[in-house]
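Below: the structure, in structure tokens.
The values are calculated or read from the model by the stated rules, or taken from the named source; none is laboratory data. Computed from a predicted model, the values in this text were never measured in an experiment. Counting neighbours? That spans all protein chains shown, and the Cβs are built from the backbone with ideal geometry, glycine included.
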Amino acid sequence: MIDLRSLREDPDRLRASQRARGEDDSVVDTLLDLDGRRRSALSAFETLRAEQKTVGKSVSRAQGEERAELLARAKDLAAQVKSAEAEAEKLGRELDSALEGVSNLVEEDAPLGGEDDYVVLAEVGEKPSFDFTPRDHLELGELLGAIDVERGAKVSGARFFFMRGAGARLQLGLLNMAMQQAIEAGFIPMITPVLVKPEAMRGTGFHIAHDKEIYRLPEDDLYLVGTSEVPLAAYHGNEILDGATLPLRYAGWSSCFRREAGSYGKDTRGIIRVHQFDKVEMFSYCRPEEAREEHQRLLDWEKEMLAKIEIPYRVIDVATGDLGTSAARKFDCEGWIPSQGRYRELTSTSNCTDFQARRLAIRSRDKDGKPQAVATLNGTLATTRWIVAILENHQQADGSVVVPKALRPYVGLDVLEPVKS
């Protein structure tokens, strides 16, 4: 949720942010109008209530006709106070509702444009050169007895799969390596709930009434998370954190669920775009003035993990029109997928500034002891999709796959060998 005080002081900044996102900037005038009317209603309420208290005190001292007049006035004021309070509360609800629909302010140096207008910040590693026709990850996964999408579809439907044998070992090893790196960097390891209340979803920045990506359990009014960012963001909801503990960093391991609505016909082969996957997610609470530096640290930790799996990748600065609701700035790391001849997203890290914290009422005390909203940031440290890049970049002519050196202690194998049929 954006800061009303900042909006009043610099409404043009939100107008520019809305335009950069490709969203309606007239919402600024709506917000200012509602805010002005609410403040006027609150002022009228306070004035009437003060007069009501004064008249109430006078009634006890008055007699006769004066007392009768004061009683009549007190009765009239009571009705006016009740009406003014109701009007202020009504406008407050309207303002809150309008604010909930407004995306975070983008960082001013984020690249402008839509999905294809990202800026490439770096390309790391050499793309593999094969002296044989490389297989895609699904063919490799089937040769290795590692991925079974056929039975996944039989049991659960399209876009579900089984990781088995070497595939299960590879996924567990990858996520364990990510968690160990996070622990060594000072993160608190967390196994998070995958079902959350609607206020956790809304507080994190999801529009649950309109987001078709989200699985919902209507009988329980609970939602399956698409990322452990949601429970980690809500973890400190309605709390005032000890400023001395910041930055406070968590690494959440969870299964994640996405409906992939609107993706009909896209990435139907393999495990790139699926309904369920596992992920280790970094989440940080820090002071707002430290958020940009923290964002770079999260990106560096992602790059450290990518170096361990020895694949070529690039880092992109995501354009403003492709940012999520909560993100002010986002960097993606995209791994090279040989079978597709292009880079695909493997990690994403977002600086959400104080947007989520305001919605979730998470604060810390500043140096003067005054509560202020914290900043929140998130970043992917490893996920099931990484297996696609590992298999394809490290494959050999016979269908075996060399396990990256750093990953071997966690997998327990140096090479994944094809299984005998």
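Miscellaneous remarks
- Flag if E150 is among the acidic types (D, E), outside the structural domain of R342 (by TED's automatic domain parsing) and either surrounded by 13 or more Cβ atoms within 10 Å (Cβ to Cβ) or free of Cβ contacts under 8 Å to residues at least 12 places away in the same chain (or both): no
- Residue check, T30 over 26 Å from L112 (Cα atoms) and among the β-branched types (V, I, T): no
- Condition check for T353: touching a residue at least 24 places away in the same chain (Cβ under 8 Å) and in a loop (DSSP other than H, G, I, E, B): yes
- Against the criterion of being without any contact (Cβ under 8 Å) to a residue 24 or more places away in the chain and not aliphatic (A, V, I, L, M), Q276 does not qualify.
- In the range 226-268, the residue that is surrounded by the fewest Cβ atoms within 10 Å (Cβ to Cβ) out of those that are touching a strand residue (DSSP E or B) at 6+ places or on another chain (Cβ under 7 Å), more than 24 Å from R363 (Cα to Cα) and not hydroxyl-bearing (S, T, Y) is R259.
- Condition met for R15 (in contact (Cβ under 8 Å) with a residue 40 or more places away in the chain and surrounded by 13 or more Cβ atoms within 10 Å (Cβ to Cβ)): no
- Test: residue in the range 390-405 that is without any contact (Cβ under 8 Å) to a residue 40 or more places away in the chain, under 14 Å from the mean Cα position of the chain (by Cα), in the same structural domain as Q296 (by TED's automatic domain parsing) and under 24 Å from M305 (Cβ atoms): no
- Total residues in the range 336-350, condition part of a strand (DSSP E or B) and touching an Asp or Glu at 6+ places or on another chain (Cβ under 8 Å): 8
- When the residues of the range 320-368 are filtered to those that are under 21 Å from S17 (Cα atoms) and among the acidic types (D, E), the one that is surrounded by the fewest Cβ atoms within 10 Å (Cβ to Cβ) is D322.
- Only one of A50, A78, A68 that is loosely packed, with under 13 Cβ neighbours inside 10 Å, among the hydrophobic types (A, V, I, L, M, F, W, C), in the same structural domain as D35 (by TED's automatic domain parsing) and under 50 Å from the mean Cα position of the chain (by Cα): A50
- Any chance I337 is among the hydrophobic types (A, V, I, L, M, F, W, C) and either in contact with a strand residue (DSSP E or B) (Cβ under 6 Å, 6 or more places away or on another chain) or outside the structural domain of G125 (by TED's automatic domain parsing) (or both): yes
- Boolean, L95 is surrounded by 14 or more Cβ atoms within 10 Å (Cβ to Cβ) and outside any loop (DSSP other than H, G, I, E, B): yes
- Of the listed requirements (1) surrounded by fewer than 13 Cβ atoms within 10 Å (Cβ to Cβ); (2) in a helix (DSSP H, G or I); (3) not aromatic (F, W, Y), E115 misses just one: (2).
- Restricting the range 270-294 to residues that are of a type in the set (A, V, I, L, M) and within 30 Å of T245 (Cα to Cα), the residue that is surrounded by the fewest Cβ atoms within 10 Å (Cβ to Cβ): A291
- Looking across S129, S103, S97, one residue alone is without any contact (Cβ under 8 Å) to a residue 24 or more places away in the chain and closer than 29 Å to L323 by Cβ. It is S97.
- Residue in the range 38-51 that is touching an Asp or Glu at 6+ places or on another chain (Cβ under 8 Å), part of a helix (DSSP H, G or I) and of a type in the set (S, T, N, Q) present: no
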